Amino acid sequence: MAGRAFSGATATLFWQGTRIALLVVSIVVLARLLSPTDFGLIAMVTAVIGIGELLRDFGLSVASLQAKTLSDHEKSNLFWLNTLIGALLAIVVFGASWPIALLYGDDRLIAITQALSITFLINGIATQFKAQINRDLRFVALGATEAIPQAVGLTVAIAVAASTHSYWALVLQPLVVASLDGILCVVLARWRPGRYRRGVPIGRFVRFAGALVSTQGLAYLSKNIDSVLLGALRGPAELGLYSRAYQVVVLPLSQITVPLSRVAIPVLSQLQDTAQVFMSYLRTAQFATVTATSIFYGAIIGFGEPLVRIALGNQWIGAIPILQVLAVSGIFRALGQVPYWTFVSLGQTSKQLLIYLVGQPVIIASIAIGAIWGAIGVATGCAVGYAIFWILNMWWAARVTGLPIGQLAASGLGLVAVFALPVAITGAFAVHYFEHDWAALAVGGIPAIAWIAAMLFGFPRYRAEMMRFARLARQRKVTSSASDSPA
């Protein structure tokens, strides 16, 4: 299991590194070809219709991953259920295009919404094919189904943006990605669905997924109410600035922590009966995710001003304070992966839903209050809301599971203090005293990198975690050698 976990994490991180590089190119290049208003128009639509993506999956992919046993007939029935939900959502979203345009007072949103409605059907068909690849722990193939379509979609978007300078480049991009992703999932999955069988119940998956999708739905509201409020109250231009800043902040969340869940959840689910080993893997997963994200967010807070000017250009200067405040919320969202992995892998999604019913309204209320002061107020509301929500989640996870979650909370905050805080302070000092952007990056970046290296390799506790990764690598090699030897 250690070897498979490390192999999966290695493949996942490789592909996610590729996707991150593509996203960085997307953020930089498209930001220079299109205006904040163009991005604001797309954000208006996706903030509303994105809930359909949760309903399309209905948590059934995670339910099938968490299940210890899954028959071919059950997989087929789940496929047909996901396809039906995807088709219905495509129709609903297409019809919702006129109310969405009315909500924001912009008729351009009608055609945008109708075009994006197609993705629901495509993704509904692909859901169980992708889940099958994940169940087989074929992480190289899984990464290919996402990185390759993203590369092609980005190429199309840049070409259209360069020739037309129109927001339609941002509409075509997800259409191309969804289409190619669906094709690759069908081709690479070593499984084909059969006909729907009424005599094969899938109620256990629906019950598990029902609690999960309810939890995710509440989380979705808190993550997107900001875009809806800003779009309605401030218009596409200010929303465009906010949405670009938000996309940068969620970059490590969507491209590192979330994909690692595909490795963590099936592995932790197999270890749920061995508390000590379970906690060991959970602690290592937290170290990897929180360390990486803390360094990233610390850099955003400290070096945000020169980074935005260099990467995006002067038309995005208004996004700098928004980006820096949102980075604080990103830290707590990264910390929040630990209770999420705990609840899901232990099959406690119904208990997770209870804390979401309490905590998510806190986030929504914080954002709604902050919207009075525009984008910077919304960003502040996000930071406050997610900090409170993380505290509630850790407390509830400790109470429900009986595991020493408090130790993980202290460890997570320690990682933030050791990595995020010094990087942010170093960056702020350099930016304050050096007006030239590249000079500020160099003067602040060199000591920040030196500090990170000193902590990772010089501090015994963190060096031990690094050595644990090395042990997993050696176990993987032993496992691979054994599997290649004749019986």
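The values are calculated or read from the model by the stated rules, or taken from the named source; none is laboratory data. The model shown is predicted, which means the values in this text are computed figures rather than measured ones. Cβ placement follows ideal geometry from the backbone for every residue including glycine, while neighbour counts extend to all protein chains displayed.
Structure notes:
- Residues being farther than 28 Å from Ser243 by Cβ and of a type in the set (Ser, Thr, Tyr) - total across region 334-385: 4
- Residue in region 124-138 that is in contact with a Lys or Arg (Cβ under 7 Å, 6 or more places away or on another chain), hydrophobic (A, V, I, L, M, F, W, C) and without any contact (Cβ under 8 Å) to a residue 60 or more places away in the chain present: no
- From the list Val308, Val277, Val290, Val267, the lone residue that is surrounded by 18 or more Cβ atoms within 10 Å (Cβ to Cβ) and free of Cβ contacts under 8 Å to residues at least 24 places away in the same chain is Val308.
- The set of residues in region 254-287 being assigned to a helix (DSSP H, G or I), among the charged types (D, E, K, R) and modelled with pLDDT of 70 or more consists of Arg283 alone.
- Checking Val290 against (1) under 16 Å from the mean Cα position of the chain (by Cα); (2) modelled with pLDDT under 85, the condition it does not meet: (2)
- Members of region 101-117 found to be hydrophobic (A, V, I, L, M, F, W, C) and either more than 22 Å from the chain's Cα centre (by Cα) or at positive phi (or both), listed by number: Ala101, Leu102, Leu103, Leu109, Ile110, Ala111, Ile112, Ala115
- Residue match in region 341-350 (condition: more than 18 Å from the chain's Cα centre (by Cα) and of a type in the set (A, V, I, L, M, F, W, C)): yes
- Residue within region 341-351 that is closer than 18 Å to Trp395 by Cβ, among the aliphatic types (A, V, I, L, M) and not in a helix (DSSP H, G or I) present: yes
- The set of residues from region 230-256 being crowded, with 23+ Cβ neighbours inside 10 Å and either touching a His at 6+ places or on another chain (Cβ under 6 Å) or over 20 Å from Ser26 (Cα atoms) (or both) comprises Leu230, Gly231.
- Those residues of region 126-167 which are under 28 Å from Pro99 (Cβ atoms), surrounded by 19 or more Cβ atoms within 10 Å (Cβ to Cβ) and more than 21 Å from the chain's Cα centre (by Cα), in sequence order: Ala157, Val160, Tyr167
- The test for being buried (at least 22 other Cβ atoms within 10 Å of the Cβ) and among the hydrophobic types (A, V, I, L, M, F, W, C) does not hold for Leu354.
- Scanning region 383-418 for residues that are farther than 23 Å from Leu354 by Cβ and in contact with a helix residue (DSSP H, G or I) (Cβ under 6 Å, 6 or more places away or on another chain) yields Ala383, Leu415, Val416, Val418.
- Counting only helices (runs of 4 or more DSSP H) that sit completely within region 94-173, those holding 3 or more residues that are in contact with a helix residue (DSSP H, G or I) (Cβ under 9 Å, 6 or more places away or on another chain) and more than 23 Å from Thr83 (Cα to Cα) correspond to 97-104, 108-116, 139-164.
- Evaluated against (1) modelled with pLDDT of 85 or more; (2) within 24 Å of Gly347 (Cβ to Cβ), Asp57 falls short on exactly one condition, (1).
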